[in-house]
Amino acid sequence: MQPGPARILDTLRQAPFAQTVVRQFTPNWFTVTMGTGIVMLNLLAFPFDFPGRHALAETLWLADAALYLLFALLFLGRIILFPETVEPLLRHPAMSMFLGAIPMGLIPIVNGCVLFGGAGMVGTAHLLWWIDVALAVGVALLVPYRLFVQHDHALDRITPLWLLPIVGPEVTASGGAVLAPHLAPAAAQAVLAVSYLLWAMSVPFALSIITLVILRYALHKLPPAEMAASVWLILGPIGTGALGLLTLGQAAPAILAGGPLAGMAAVARDGGLLAGFLLWGMGLWWLAIAAAVTFRYLRQGLRFNLGWWGYTFPLGVFTAATLALGRLTGFAAFTAAGVTLYLILAGIWTVVAAHTVRNLLKQRLFHAPCLATGAA
């Protein structure tokens, strides 16, 4: 007879919900929280107020936090109940990349703790941010290492999904810019310094991957229609890189004042604004390319899959960078562009969320490609 805990685990494994949902749960579900979170953050940054704006943003934050908790429990449940499925996930050349969505999906929730919870939740946000640092750095090291030593890749199979594990640290850095001004001086300086390090270990490598992806597109043309949204992923690290420099640069003067690095404050502020503007220009070029490519895919016909959430977060961080440039420069063109992009983002989010709910109700979305071969 099996011991008590083992019997309980075996009973749980055999439950229909465990077999059809928990075992088939994949980390790309965390892109739902990424997309919802960035819609919420941009709603807060929207330059024009309207009745219910703050309440709507807070509702989105609470919903996003609930979804993230649910997804985290499902993913932990898969690891605990079906540990034999972990290795196939790590070996899968596409699904393993979505591990990067786990730390990225947490940052909007951390930001919401600061923006909605006030001083009472700053401590919680601070703890969650450091947890996110560990997750982002861990994924940024683990997944590329596995890619180097285990995955079977070729130039014609390179996709923007390679960006996902690399971009996590820069997303965490942008969250540090929101958190740091609310902390005590020593803690704020630590978060600011680590945020710049996270940015540095992410953005340059992401730009290198983008170069490879563009070469792949030039030589082997666009990916198949089921990966149409992946084209937008290139906009993500560009937009987040710009946003991180803009927001960290604005936070730096107050945090560094009176310390040995006070002289660097103006460099961080003004250099961040210039570099953020230059990255924004790079992103504008890819935004036009991605839009043209998407219209081409639409003419061919697109069937919904969870990858459609890839349309939301990259456009969302570029929108956030655009709105930030509007605030910092006072140029009306940035503000108008940011408002336009946000309206497009909100429309895309609504369509993708509706398709997700409809397909979820029809039980079409829980399928783990890494288990399709029956190896686990």
Using 20 Å bins from zero, what percent of all Cα-Cα pairs in the chain falls into each bin?
28, 58, 13, 0
Starting from the Kirkwood radius over alpha-carbon pairs of the stretch 107-178, derive D by Stokes-Einstein at 25 °C in a medium of 0.890 mPa s and give it in µm² s⁻¹.
179
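Stretch Ala225-Ala66 to full length: gain in nm at 0.36 nm per residue minus the Cα-Cα span?
Values: separation 159, 0.36 × 159 = 57.24 nm, distance 3.14 nm.
Taking Ala225 through Ala66 to full extension adds about 54.1 nm, to one decimal.
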Considering all alpha-carbon pairs of the stretch 49-128, what whole percent are spaced by more than 19 angstrom?
51
Farthest toward the dipole's positive end in the chain, which of Gly118, Gln363, Phe75, given Cβ charges of +1 (Lys, Arg) and -1 (Asp, Glu) about the Cα centre?
Gln363
Computed lengthening from Thr20 to Leu284, 0.36 nm per intervening residue step minus Cα-Cα distance:
90.9 nm
Take the alpha-carbon centre of the stretch 292-326, take the same for the stretch 126-198, and report the distance between them in whole Å.
22
Given the convex hull of the Cα atoms of the stretch 266-348, what is a quarter of its surface area in nm²?
6.1
Give, rounded to the nearest 20 debye, the magnitude of the charge dipole that the stretch 120-226 has about its Cα centre when Lys and Arg contribute +1 at Cβ and Asp and Glu contribute -1 at Cβ.
140
Projected onto their principal axes, the Cα atoms of the stretch 201-339 stretch, largest extent first, over whole-Å spans of 58, 31, 24
Which one of Ser202, Val167, Leu219 is farthest out on the positive end of the charge dipole of the stretch 76-234, using unit charges on Cβ (Lys, Arg +1; Asp, Glu -1) and the Cα centre as origin?
Leu219
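Output the DSSP H helices from the chain with an along-axis C-alpha extent of no less than 30 Å and a mean Kyte-Doolittle hydropathy no less than -0.5. Can you show the working numbers first?
Values: long enough: 53-81 (41 Å, 1.41); 122-149 (40 Å, 1.61); 235-256 (31 Å, 1.31); 265-300 (51 Å, 0.95); 332-361 (43 Å, 1.44).
Length and hydropathy pass: 53-81, 122-149, 235-256, 265-300, 332-361.
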Comparing Gly281, Gly105, Gly120 in a Gaussian network model of the chain (Cα, 10 Å), the one with the largest mean-square fluctuation is Gly120
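Per residue, how big is the convex hull of the stretch 202-252 when only Cα atoms are used? Give it in Å³.
Numbers: hull volume 3.4 nm³, N = 51.
So the per-residue Cα hull volume is 67 Å³.
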Which ³J(HN,Hα) values, rounded to whole Hz and listed in residue order, are derived for the stretch 86-91 from phi using the Karplus coefficients 6.51, -1.76 and 1.60 in 6.51 cos²θ - 1.76 cosθ + 1.60 with θ = phi - 60°, glycine and proline given as x?
5, 4, x, 5, 5, 7
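For the stretch 28-175, report the accessible area per residue in Å² (1.4 Å probe, heavy atoms, rounded to an integer). Write down the numbers at each step before the final one.
On the way: 5600 Å² over 148 residues.
Spelled out: the 1.4 Å probe surface of the stretch 28-175, per residue, equals 38 Å².
Rounded to the nearest 20 Debye, what is the dipole magnitude of the chain about its Cα centre when Lys and Arg each give +1 and Asp and Glu each give -1 at the C-beta? Walk me through the numbers before you get to the answer.
Numbers: 18 positive and 12 negative charges, 165 e Å.
Here the chain has a charge dipole of around 800 debye.
Subtract the Cα-Cα distance of Ala55 and Leu73 from 0.36 nm times their separation in residues, and report this length gain in nm to one decimal.
3.8 nm
What Kirkwood hydrodynamic radius, in Å, does the stretch 171-256 give when the mean of 1/r is taken over all pairs of distinct Cα atoms and then inverted?
On the way: mean 1/r = 0.0696 Å⁻¹.
Roughly 14.4 Å, rounded to one decimal.
Would you work out what percent of the accessible area of the chain, with all protein chains in place, is carbon or sulfur (probe 1.4 Å)?
On the way: 11910 of 16650 Å².
Carbon with sulfur: 72 percent of the solvent-accessible area.
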Given the candidates Val32, Ala55, Ala15, the one whose Cα lies deepest towards the positive end of the charge dipole of the stretch 7-93, counting +1 at each Lys or Arg C-beta and -1 at each Asp or Glu C-beta, is Ala15
Estimated [θ] at 222 nm from DSSP helical runs (n ≥ 4, -39500 (n - 2.57)) normalised by residues in the chain, nearest 500:
-24000 deg cm²/dmol
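The values are calculated or read from the model by the stated rules, or taken from the named source; none is laboratory data. All figures in this text were calculated on a predicted structure; none of them were measured in a lab. All Cβ positions, even for glycine, are placed from backbone atoms using ideal geometry, and neighbour counts span all protein chains on display. Just the protein is used for accessible areas: all its heavy atoms, side chains included, with ligands, DNA and RNA removed. Shrake-Rupley method; radii C 1.70, N 1.55, O 1.52, S 1.80 Å.
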